[in-house]
1. Restricting to region 100-137, count the residues that are in a loop (DSSP other than H, G, I, E, B) and open to solvent by less than 10 Å² (accessible area, probe 1.4 Å).
2. Of everything in region 19-67 that's modelled with pLDDT under 80 and open to solvent by less than 70 Å² (accessible area, probe 1.4 Å), which residue is farthest from Cys141 (Cα to Cα)?
3. I'm trying to understand the selection: among the residues of region 390-415, which are at pLDDT 85 or above and within 11 Å of Gly375 (Cβ to Cβ)?
4. Could you give me the residue pairs with C-beta distances under 7 Å whose first residue belongs to region 86-99 and is open to solvent by 20 Å² or more (accessible area, probe 1.4 Å) and assigned to a helix (DSSP H, G or I), whose second residue is among the aromatic types (Phe, Trp, Tyr) and at pLDDT below 95 wherever it lies, and which are 6+ apart or on separate chains?
5. Could you tell me whether region 290-307 includes any residue that is at pLDDT 85 or above and not in a helix (DSSP H, G or I)?
6. Of everything in region 347-380 that's at pLDDT below 85 and within 27 Å of Ile84 (Cβ to Cβ), which residue is most open to solvent (accessible area, probe 1.4 Å)?
7. As an exercise: evaluate Ile4 against (1) in contact with a Ser or Thr (Cβ under 9 Å, 6 or more places away or on another chain); (2) modelled with pLDDT under 90 and give the number of the one condition it does not meet.
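The values are calculated or read from the model by the stated rules, or taken from the named source; none is laboratory data. Small disclaimer: the values here were computed from a predicted structure and weren't measured. Positions of Cβ are generated from backbone atoms using ideal geometry, with glycine treated the same way; all protein chains shown enter the neighbour counts. When the accessible area is computed, the model is the full protein with side chains, heavy atoms only, and any ligands, DNA or RNA have been set aside. Shrake-Rupley method; radii C 1.70, N 1.55, O 1.52, S 1.80 Å.
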Amino acid sequence: MRSISDLFSGIFARFTSEPRRPEESRVPYNPRTVAGVTITPDTAITISAYWAGIRYLSQTVAVLPWHVMRTTPAGGERASNSPIDWLLWQRASDEWSAFQFRETLTHWALRWGNGYAEIERDAYERPVALWPIHPERTEVCRATAAAEDAYGTAIPAGGLYYEVSNGTGSKTVLAPRNMFHIRGFGEGPVGVNVTTYAAQSLGWARAAQIFGAAYFGNGAVPSTIVRNKKPLSPAGLDRQRKEMRQLYGGPAKAHGTAHLDADAEIERIGLNAAETQLIEVHQHLIEEVCRWVGAPPHKVMHLLRAHYNNIEHQNIEVVVDAISPWAKRFEDEANHKLFGGVRWRGFYTKMNMNALLRGDMKARMEFYRGMVQVGAYSPNRILQLEDENTIGAEGDIHVMQEQMSTLRYIAEKEQKTATPESAPSPRQDQPDEGDAPAEDDAAADARSEFEAAMSERVDA
């Protein structure tokens, strides 16, 4: 009987004989850019605009309420008792909170193009934990022959699988069913590495950052030379260099006056900050970096073109253009990987974008007022969204316009005032309202007799 190690070795050999890896990039990549600096996912994050953009997007996606929903005849309702709801909103695993899980996978997808997490399941194949795996440890491959992964899940020939390096020379094979994969922008099953495509732009920003730091870190800037009219001995030249560095090196000693002896003169050969347009370059590069990250400039503290009149519309654009696509990626992956079988039919996940209004009291009040006026929200529903205590059964009553009457009262009133279906339709030759009806001869004689009898009673 074959041992477990021999079994997995055979499976692994079938996968790794000649694995076919999906194409990740169509452009040549050299970490050493034209600007003379090295750009990798780790060095790129040292650029402040790149850091701020990734931080904003990943934290915003992570803070959105994410719950499991159940389809009902009345619409979708939260399935708060679902164990998957706990994974998405409370705790992804013992070591990862739900917030940290989403934040990490999002910023990995922004930097490397892909965010990975292993799906741990119990004996009944139900997800019980999500464990993030660094993209540099993971490779996406296509199987050359049918096989199984480490959990015994079948992988057909030509199907995708994930090869995870364990750091000890061994690798673990996972089927797509057991890997939670957030894929960024790309043309196939693997998202493109953003750093590869943005290397030159990020290299320019990194070079400008280094130049600015060097400019203010060197007190002899703008660059100068000391021209000695008489030759100095090596000892004298060394003493002159040390004195210049000691007296005028560093930002606190910049732009001082040099006093030289030995018949020497000082000459400027460099450019100052204004001539190099250092500030303008940095302002431009913030927008350049934001284009690659997909974050709006005003969210990375670049408020050059933001003002009171347009900031509200810019915030709306953030939700529609920057946050919604990433939220949709998480929802689609969870719906496909975390639910399976007849038992979970009718369940799905949903991120609530309304949470982004929590910081704007006026916008929240206008939203709630509109939802109440159309009868969609009850007072208790609003209190729940604001994390406040409810007010009892009375707070579950839905109201709407017409003196804020209840929906039941309005419906009953309409039924009472409606014309019954059995009521005869009015005759076309019926006289108009207000006109006296015509009397026949018999009715006229009867009326005359009645009036005569009443007169006799009065006289008596």
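1. 1
2. Going through the qualifying residues, I end up with Pro31.
3. Selection gives Ile397, His398.
4. Trp89/Trp66
5. yes
6. That would be Arg358.
7. (1)
Matching residues to (1) within 24 Å of His107 (Cβ to Cβ); (2) open to solvent by 20 Å² or more (accessible area, probe 1.4 Å); (3) more than 29 Å from the chain's Cα centre (by Cα); (4) modelled with pLDDT of 90 or more:
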| site | (1), (2), (3), (4) |
| --- | --- |
| Gly167 | yes, yes, yes, no |
| Lys171 | no, yes, yes, yes |
| Ala175 | no, no, no, yes |
| Asn178 | yes, no, no, yes |
| Tyr197 | yes, yes, no, no |
| Ala208 | yes, no, yes, no |
| Asn228 | no, yes, yes, no |
